Amino acid sequence: MNDPAKHIRLLAVLHLVVAGLQLLAGVVALLFLTLVFDWVRHEGIDAPNDDLPRFSRQLILALPMVLIALSLPGIAAGAGLLRRRGWARILAMVLGGLYLLNAPVGTALGIYTFWVLLDDDATRLLSGPDDAPARRSGDNARGGWDES
């Protein structure tokens, strides 16, 4: 790989774009379905047995909410990769494995994710000293505060 930093940045942007589109689709579907169910209720269109439609409405409205919830790890992975965090590498690889099942765009993103993040230079870039917790100036070597 010629420049792993550029590939990591591109991968982060791709994860953000895919997750953002997924989030947008979930929000639009949730708004659309809410409006449709509201219209149906105000028009008085309902089945004779009211229990099943109420349950089916809840089930149908849960699907876009799941889509919204599943987009959040992609946003976190993209943001973490942009900041070169080590945890984002692991999260992006897990998502890359799941994306492999989503042909054709997800498969391409999954393969690119593994190609970028399994490279030794990319691993070095993402596991640098900035991933360690910041030490306060008053911390001593044992992790406590100096008494002086």
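Entry note: segment 1-121 has Rg to Rh equal to 1.19, where both radii use alpha-carbon atoms and Rh is the Kirkwood radius.
Mind checking the full-extension length gain between residue 9 and residue 54? Use 0.36 nm per residue of separation minus the Cα-Cα distance, one decimal, nm.
Numbers: separation 45, 0.36 × 45 = 16.20 nm, distance 4.55 nm.
Here the segment from residue 9 to residue 54 would lengthen by 11.6 nm.
Sorting 9, 89, 84 from the fewest to the most surrounding beta carbons within 10 angstrom yields 9, 84, 89.
Neighbour counting of Cβ atoms within 10 Å sorts the residues 15, 42, 7, fewest neighbours leading, into 42, 7, 15. All other residues with a Cβ under 14 Å from the Cβ of residue 118 taken together, and with Lys, Arg as +1 and Asp, Glu as -1, what is their net charge? Residues near residue 118 contribute -1 overall.
Taken together, the values in this text are just the output of simple stated rules run on the coordinates, not laboratory data. This structure is a prediction, so every number in the text was calculated from the model and none was measured. Don't worry about glycine lacking a Cβ; one is built from the backbone with ideal geometry, like all the others, and counts go over all protein chains shown.
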